[in-house]
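A short worksheet on the structure shown next.
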Amino acid sequence: MAMLSYSRAIGQALGDAMDADPDVILIGEDIGEAGGPFGVTRGLRDKFGEMRVFDAPISEAAMVGAAVGAAMHGLKPVVEIMFMDFATLAMDAIVNQAAKAHFMFGGQRSLPMVIRMPHGGGIGAGPQHSQCLEAWFAHVPGLKVVCPSDVASVYALLRAAIDDPNPVIFVEQKARYAAKGELPDERPVARIGEARTLRGGRDATVVTYGSTVERALAAADALSVDGIDVEVIDLQSIQPWDTRTVLDSVSRTHRLVVAHEATQAFGVGAEIAAYVGEQAFDELDAPVMRVGAPFMPVPFSKSMEQDFAPGQQRIADAVRKVME
């Protein structure tokens, strides 16, 4: 058992995948000597060389476009985009090329590539470096989208993403990079599309992912003092998402709150709420509640950013409301 930070667990997963498969390559800005803006890939170029840890020019479109071509010719590129916000500069390569290749070639060509994108707030980086845009990509057929919340899940899901035969958007919460956790010596294994029930409960279900998982668990602990027993599900995978685990939980608790750091409007929570309303309406004893960020750009000020992001209190308040 090793105690690692979230960022080092990502680096460990990348190194282990490169050891296991010579076709795995890394592409990104300053990922070689500097290890990227958050030091995630530090040391990997020394071990694997410049041909497998490639410092790209400052062009997200060029990086992802090159990765699409590399994947079509049998390599398994992992692209690092410094901030999720900058994925806007590579949308053609992601949405029109990577996502469509398997379909356009009649299912005869796979496209094994991963695009790593740190999202969210927590470091005061402002509105152009702190957005949570995962709902954009979850809306595109041909893409898978995952967002791990802790050390074990970020390791396991990154290995699963690299092994997947088609494109995976791998979302990392940048404020979690320093968070520490245990990585078992027998490396954890995950499947894209499977959620984790982190806390059992009988009164209400909270479905969440990424940075909001920790806040949901804290809210559940606080609510337990008042006798409210909350089940917390870490979605992990946004597209595809684990409908069965969520529906089974709602059938036991009969109340649902969906929480995420992204803007509430037109978000992942809206999709889950709509699906549960269609498939399990008779199981619900209260309307589904969503907890998300307000419909405005992320503020620069750290104190304002802290209020902007959904926290423990807002999740607890939503649970209390569905309990009414």
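Couple of notes before you dig in:
- Test for Ala309: is it surrounded by 16 or more Cβ atoms within 10 Å (Cβ to Cβ), within 23 Å of the chain's Cα centre (by Cα) and at pLDDT 95 or above: no
- Only one of the numbered conditions (1) within 19 Å of Glu134 (Cα to Cα); (2) at pLDDT 95 or above is not met by Leu284, and that is (1).
- In summary, Ser110 fulfils each of the numbered conditions (1) surrounded by fewer than 18 Cβ atoms within 10 Å (Cβ to Cβ); (2) outside any helix (DSSP H, G or I); (3) at pLDDT 95 or above; (4) hydroxyl-bearing (Ser, Thr, Tyr) with the single exception of condition (3).
- Residue in the range 213-231 that is within 22 Å of Pro287 (Cβ to Cβ), in contact with a Leu (Cβ under 8 Å, 6 or more places away or on another chain) and of a type in the set (A, V, I, L, M, F, W, C) present: yes
- The helices (runs of 4 or more DSSP H) found entirely in the range 224-324 include none that carry 2 or more residues being of a type outside the set (Ser, Thr, Tyr), in the same structural domain as Asp85 (by TED's automatic domain parsing) and more than 19 Å from Gly200 (Cα to Cα).
- Of note, Phe295 satisfies the criterion of being of a type in the set (Phe, Trp, Tyr), loosely packed, with under 14 Cβ neighbours inside 10 Å and touching a strand residue (DSSP E or B) at 6+ places or on another chain (Cβ under 9 Å).
- Of the residues making up the range 21-53, those that are of a type in the set (Gly, Ala, Ser) and in contact with a helix residue (DSSP H, G or I) (Cβ under 9 Å, 6 or more places away or on another chain) are Gly28, Gly32, Gly35, Gly39, Gly43.
- Unmet criterion (only one of (1) crowded, with 23+ Cβ neighbours inside 10 Å; (2) closer than 30 Å to Glu283 by Cβ; (3) in contact with a Leu (Cβ under 7 Å, 6 or more places away or on another chain)) for Pro167: (2)
- Among the residues of the range 273-291, at least one is among the hydrophobic types (A, V, I, L, M, F, W, C), in contact with a helix residue (DSSP H, G or I) (Cβ under 6 Å, 6 or more places away or on another chain) and within 23 Å of Gly121 (Cβ to Cβ).
- The range 237-253: number of residues that are buried (at least 22 other Cβ atoms within 10 Å of the Cβ) and either in contact with a Cys (Cβ under 7 Å, 6 or more places away or on another chain) or free of Cβ contacts under 8 Å to residues at least 12 places away in the same chain (or both): 1
- Of the helices (runs of 4 or more DSSP H) lying entirely inside the range 1-84, those containing at least 2 residues that are acidic (Asp, Glu), modelled with pLDDT of 95 or more and assigned by TED's automatic domain parsing to the domain that holds Arg159 are 6-20.
- Considering the range 201-236, and only residues there that are surrounded by 18 or more Cβ atoms within 10 Å (Cβ to Cβ) and over 26 Å from Ala135 (Cα atoms), the residue that is nearest to the chain's Cα centre (by Cα) turns out to be Gly201.
The values are calculated or read from the model by the stated rules, or taken from the named source; none is laboratory data. Since this is a predicted model, take the numbers as computed values, not measurements. As a convention, Cβ positions derive from the backbone with ideal geometry for all residues, glycine included, and neighbour counts pool all protein chains shown.
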